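**Q** The structure's right below; bear with me while I get my questions together.
The numbers here are math on the coordinates, done by the rules we state, and not lab data. As the structure is a computational prediction, the values presented were derived from the model and not from experiment.
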Amino acid sequence: MKINDNSAETTAKLEADRTKYDIKYRAATIGTVADKVIDDNFTIDLKVVAGKSETASR
């Protein structure tokens, strides 16, 4: 986490197994085979940046 006078910034990496949340890939042309071709695990990289608003400093 980085913090200075006017802003804060942080990053996170989330890893999940799509099968635990019933996330399926459905393609009409391929059918259910496509769901077997893609990986079960996926990663989401997050970056959150927050800054001070002008009204907050009044």
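**Q** HN-Hα J couplings of region 38-54 from phi, Karplus 6.51/-1.76/1.60, θ = phi - 60°, integer Hz, Gly and Pro as x?
**A** Each residue of region 38-54 in turn: 7, 5, 6, 8, 9, 10, 10, 9, 10, 9, 10, 10, 10, x, 6, 8, 5 Hz.
**Q** Determine the gain in length on full extension of the stretch MET1-VAL48; use 0.36 nm per residue of separation and subtract their C-alpha separation, reporting nm with one decimal.
**A** Roughly 16.0 nm would be gained on extension.
**Q** Pull up the cross-link candidates among the aspartates and glutamates for LYS52, meaning alpha carbon to alpha carbon under 16 Å and not fewer than 8 places away within one chain.
**A** Reachable aspartates and glutamates: ASP5, GLU9.
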